[in-house]
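Each remark here refers to the structure printed beneath this line.
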Amino acid sequence: MIEGRHRWLWAAGLVVLLGCGGESSDPADASSRDAGVMPAITDAAMDAGAEDASSSGPRLLYRQDFEADGWQGDFTGRATWEGHVAVVTHEPHGGLRSLRGNQLASVVDPITGLPGIGNALLDWRGAGHDIAERTPHQMYFSYWFRHDDFAYGAENEGKLLYFVNATGSGSCQLDAYFGGQLHSRNIAVVYNNGCASNHWAHCTEDDETCAACRADGTCDNWGYSSLWLQHPEVAPGPGRWRRFEYFIDYDERYFTIWIDGHLVADDERYVDGRIAYGPERTFHWTGFQLFYASTGDGRDYADCVDGEGVCAGWQIDDLEVWDGLPPR
């Protein structure tokens, strides 16, 4: 129903950088609080972070749980997603509502009654959001995401999240992204989105040039332009809420990612999960653009498995931004 308002570690494989909210009802979320796994942030911790502006600890800057009217103002690109997404009461993560859409342009979503769209361009950097200014040293972003219980076809390139660079312009603002959506394969972080050089991560020039920089260790630091990040307790699969957390330290120049509370990593270069990025990169994230699937050209076709026509539907809930790593 539409609510009018609202492992350690095995590697294989593609590619960013990249909610915390109430408890999930999924048993997998309980297992994510076992030893070695970061527990969920408590409501008390969120309240303390939001309210104690004089504290030297991390503060909760922004949260969107879609429980109230006015959520549209938090997102740009409205002309692209308007008429395609809606706040629904169908299986929310926390509270009573979440935001829902469908990634297949040929499908009318059975929950929202709205047509799907492959590229919704939901940018969480709307009016009054000054994320870059308020996170000069560190930034933490988290949210909850679920796919409907469906099976993707063999060909897919769906992207989960783009990071929007405050120092970029035009399309070059989309500086990096998560490759894959954890529906049928693991997740990857892509070093850049085509605007900036990825020479530090992976030399793409002639053999002589690459031989020289490889000899002195100034290129191929990632081995390629992307890393596949894994943990044995994090398995692809649709149908339940998944928690994605991303932390970046601009001073120390690394980022870290957790999925369902598990630290995901590349076991060849960054086994501790502290993923370095090039010293020449001056990006500073100011927003987060959700979802991309090439549904208009035959790729990313979803085959329904529930018999009810729920194909490629997604939901998001409980998005948060902090100015440091929250208390655990």
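The values are calculated or read from the model by the stated rules, or taken from the named source; none is laboratory data. Just so we're clear, the structure is a prediction, and the values are computed from it rather than from any experiment. In this analysis, Cβ positions are derived from the backbone assuming ideal geometry, glycine residues included, and neighbour counts consider all displayed protein chains. These area figures cover heavy atoms from the full protein model, side chains too; ligands, DNA and RNA do not enter into them. Shrake-Rupley method; radii C 1.70, N 1.55, O 1.52, S 1.80 Å.
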note = If amide H atoms are modeled at 1.01 Å from N in the peptide plane, then the residues at a separation of 5 or more from ARG240, or on another chain, having amide H under 5 Å from its own are HIS147
ask   = What ³J(HN,Hα) values, in whole Hz, does the Karplus curve 6.51 cos²θ - 1.76 cosθ + 1.60 give for the range 130-143 when θ = phi - 60°, with x put for Gly and Pro?
value = 10, 4, 4, 5, 8, 10, x, 10, 9, 8, 10, 10, 9, 6
query = Can you give the accessible area of ILE117, probe radius 1.4 Å, in Å² rounded to 10?
reply = 40
task = Over the residues of the range 65-149, compute the C-alpha Rg and express it relative to 2.2 N^0.38 Å.
result = 1.19
Packing rank of 201-209, 91-99, 132-140, 266-274, where each peptide gets the mean count of other beta carbons within 10 Å, highest leading = 91-99, 132-140, 266-274, 201-209
message = Suppose we look only past 22 Å in the calculated P(r) of the range 66-221. What percent of the Cα-Cα pairs does that tail hold?
response = 56
ask   = For the range 201-273 and the range 74-113, what is the separation of their C-alpha centers, rounded to whole Å?
value = 31
ask   = For TYR254 and CYS213, what is the calculated FRET efficiency with R₀ set at 30 Å and r taken between the beta-carbons, to the nearest 0.05?
value = 0.90
ask   = Which translational diffusion coefficient, to the nearest whole µm²/s, is obtained for the range 175-261 from the Stokes-Einstein equation, given a Kirkwood hydrodynamic radius over C-alpha pairs, 20 °C and 1.002 mPa s?
value = 145
query = Within a Cβ distance under 12 Å of PRO115, other residues only, what is the Lys/Arg minus Asp/Glu net charge?
reply = -2
